[in-house]
Amino acid sequence: MPRFNPTEIAYLMVGCQQLVLAIGWVIGARLMPATRVAALHWAACALLTGLGLALFVVAAQRHDELLRMAGNVAVTLSLVSLQRGVWHFHGAPLRWGWHGVVLVLAFGVSWFGMEAVHRPWRMGVLSALMAGLCLSIAWDMMALAGGARQRRFGMAVAAPLALGGLVFAWRSGRALLTPPGVVTELSADTPVNFAAAFVYVAITLTFQLSLLALVFSRLVAELRRSSRRDALTGVMNRRALDDALDDEEHRARRLQAPFAVLMVDADHFKSINDRFGHAAGDRALQHLSTLMMAQMRDIDRLGRYGGEEFLVLLPGTGLAQAQVAAERLRERVEAVPMVWQGEPLRLTVSVGVAAWQGPDDGLAALLARADEALYAAKRAGRNRCEMAFG
């Protein structure tokens, strides 16, 4: 029965912690499809870290340099998996060359440095590689984060990694510049090493919790976004449109800036559902939303107002300009038929145009005028635009 000293027990505890975290990331990969690939890489990182630490402990017990070499390669692989997970999470390009060089160097140094006389420079080079990986990952976490919330979480994840990188760099410098006694000192059962093991527990746990918080912040943002989007067309839903209209009215009142709305309705939509089925109707709505989005400015907003009816919000636009935009949109829809089951299907829209009339005007009145103009276009024969002047 092997007897482990306190330092070895501490590192085995870290290994067990990493095993639990690996299981957690695997479960997370099943529950969070959007971040599945990244989560699996982070599960591999935790598993390889735990394996590497266990190998170091067994190697110290048996004085087996081959196991120590395997531990070094496992820990290097864990950092590679961590960084690749970060790249997958942020959608960054995968840099195969960088990791290829690191892994070849780690394996080569571990293999050719197994003799006791070479242990200081082996420790120095491997520590330098790990320092480079840690600092590189910390930089990626800050550079790739988008949005204030993700940047905050990115910095929280980067901080323990940067600290680990500096520790590895210090260890590398000591091993290369003052090799006598460094190897024995760093592998001995001393109070310093025992305390370092528990500091490592705290750092890795903090890092993993920060990484988990980053994932959840992404999920919350996605949920918030999906709650404001129409599931079929991908444009804004009624709730998001109401918020956008409220914001634009407040801006217009504050700056006395004009804005207009277009109420757009698909002509003869019921006949499409009756003749071709609801799948064709769904495809028609998607086709219309795509064409309309292509005709809009970056500041314009398009949403599904209900059924086959859409609303376009045009900031900074008066009635005459809105009429021009409506005609351009109507003509585009008429010119580009939808293809259904290999056959072109012509679609048209009717559009009601209304503009905000100043501080005495309200959203309810504005939308009522646009709606009345829309039905005037329907009564006049459809496939046309009508303006609301009153």
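Having 3 or more residues that are in contact with a Leu (Cβ under 6 Å, 6 or more places away or on another chain) and under 19 Å from Arg238 (Cβ atoms) is the bar; report the strands (runs of 3 or more DSSP E) wholly within segment 293-390 that clear it. First the steps, then the outcome.
Working: elements: 301-306, 309-315, 338-340, 343-345, 349-355, 385-387.
Where strands (runs of 3 or more DSSP E) fall fully within segment 293-390 and carry at least 3 residues being in contact with a Leu (Cβ under 6 Å, 6 or more places away or on another chain) and under 19 Å from Arg238 (Cβ atoms), they are 301-306, 349-355.
What are the residues in segment 85-96 that are surrounded by 18 or more Cβ atoms within 10 Å (Cβ to Cβ) and of a type in the set (A, V, I, L, M, F, W, C), if any?
Val86, Trp87, Phe89
Scan segment 323-350 residue by residue and report those that are over 18 Å from Arg297 (Cα atoms) and of a type in the set (Val, Ile, Thr).
Residues of segment 323-350 over 18 Å from Arg297 (Cα atoms): 334-350.
Within segment 323-350, Val336, Val339, Thr348, Val349 meet the criteria.
Determine the pairs where a residue that is under 15 Å from Ala143 (Cβ atoms) and assigned by TED's automatic domain parsing to the domain that holds Phe216, located within segment 81-96, has a partner that is hydroxyl-bearing (Ser, Thr, Tyr) and part of a helix (DSSP H, G or I) with Cβ atoms under 7 Å apart, the partner being 6 or more residues away or on another chain.
Gln83/Ser136; Phe89/Thr35
For segment 156-170, does any single residue satisfy the condition of being surrounded by 19 or more Cβ atoms within 10 Å (Cβ to Cβ), assigned to a loop (DSSP other than H, G, I, E, B), at pLDDT 70 or above and under 20 Å from the mean Cα position of the chain (by Cα)?
no
Looking only at residues in segment 342-352 that are out of contact with any Cys (no Cβ under 6 Å at 6 or more places or on another chain) and in contact (Cβ under 8 Å) with a residue 60 or more places away in the chain, which one is nearest to Lys378 (Cα to Cα)?
Restricting attention to segment 342-352, the residues satisfying the condition of being out of contact with any Cys (no Cβ under 6 Å at 6 or more places or on another chain) are 342-350, 352.
The next check asks that each one be in contact (Cβ under 8 Å) with a residue 60 or more places away in the chain; those that pass are 345, 347-350, 352.
Details: Leu345: 20, Leu347: 14, Thr348: 11, Val349: 9, Ser350: 6, Gly352: 9 Å.
The extreme case among them is Ser350.
Over 22 Å from Leu212 (Cα atoms) and assigned to a helix (DSSP H, G or I): which single residue out of Ile23, Ile9 fits that description? Steps first, answer last, please.
Working: Ile23 fails: over 22 Å from Leu212 (Cα atoms).
It is Ile9.
Residue check: is Arg239 at pLDDT below 90 and either touching a Phe, Trp or Tyr at 6+ places or on another chain (Cβ under 9 Å) or not in a strand (DSSP E or B) (or both)? I'd like the intermediate steps shown before the answer.
Values: at pLDDT below 90: yes; either touching a Phe, Trp or Tyr at 6+ places or on another chain (Cβ under 9 Å) or not in a strand (DSSP E or B) (or both): yes.
The answer is yes for Arg239.
Any chance segment 51-63 includes a residue that's assigned by TED's automatic domain parsing to the domain that holds Ala22, closer than 29 Å to Ser217 by Cβ and of a type in the set (Phe, Trp, Tyr)? Break it down stepwise before answering.
Step one: list which residues in segment 51-63 are assigned by TED's automatic domain parsing to the domain that holds Ala22, which gives 51-63.
Next, only the ones that are closer than 29 Å to Ser217 by Cβ stay: none.
No, that holds for no residue.
State whether the residues of segment 97-118 include one that is touching a helix residue (DSSP H, G or I) at 6+ places or on another chain (Cβ under 8 Å), within 15 Å of Leu211 (Cα to Cα) and surrounded by fewer than 21 Cβ atoms within 10 Å (Cβ to Cβ).
no
Just name the residue that is modelled with the lowest pLDDT out of those in segment 119-147 that are surrounded by fewer than 19 Cβ atoms within 10 Å (Cβ to Cβ) and over 17 Å from Phe168 (Cβ atoms).
Here the residue is Gly147.
Take Gly50 and decide whether it is crowded, with 20+ Cβ neighbours inside 10 Å and assigned to a helix (DSSP H, G or I). Walk me through it before giving the result.
Details: crowded, with 20+ Cβ neighbours inside 10 Å: yes; assigned to a helix (DSSP H, G or I): yes.
So Gly50 passes the test.
Which residue pairs have Cβ atoms closer than 7 Å, lie 6 or more positions apart in sequence or on different chains, and pair a first residue in segment 234-246 that is assigned by TED's automatic domain parsing to the domain that holds Pro315 and within 14 Å of Val261 (Cα to Cα) with a second residue that is in a loop (DSSP other than H, G, I, E, B) and at pLDDT below 90?
Taking only residues 6 or more apart or on different chains, not a single pair turns up.
Scan segment 305-332 residue by residue and report those that are in contact with a strand residue (DSSP E or B) (Cβ under 6 Å, 6 or more places away or on another chain) and under 20 Å from Ala240 (Cβ atoms).
Residues satisfying the conditions are Tyr305, Glu308, Glu309, Phe310, Leu311, Val312, Leu313, Leu314, Pro315, Thr317.
Please count how many residues of segment 240-275 are under 30 Å from Ala380 (Cβ atoms) and in contact with a strand residue (DSSP E or B) (Cβ under 7 Å, 6 or more places away or on another chain). Before you say what the answer is, go through the steps one by one.
Taking segment 240-275 first, the residues under 30 Å from Ala380 (Cβ atoms) are 241-242, 244-245, 248-249, 252, 258-275.
Restricting the remaining residues to those that are in contact with a strand residue (DSSP E or B) (Cβ under 7 Å, 6 or more places away or on another chain) gives 241, 244-245, 248, 252, 258-267.
Selection size over segment 240-275: 15.
Would you check which residues across segment 310-350 are surrounded by 20 or more Cβ atoms within 10 Å (Cβ to Cβ) and of a type outside the set (A, V, I, L, M, F, W, C) and list them?
Thr317, Arg330, Ser350
The values are calculated or read from the model by the stated rules, or taken from the named source; none is laboratory data. All of these numbers come straight from a predicted model, not from anything done at the bench. So basically every Cβ, Gly included, is an ideal-geometry build from the backbone, and we count neighbours across all protein chains shown.
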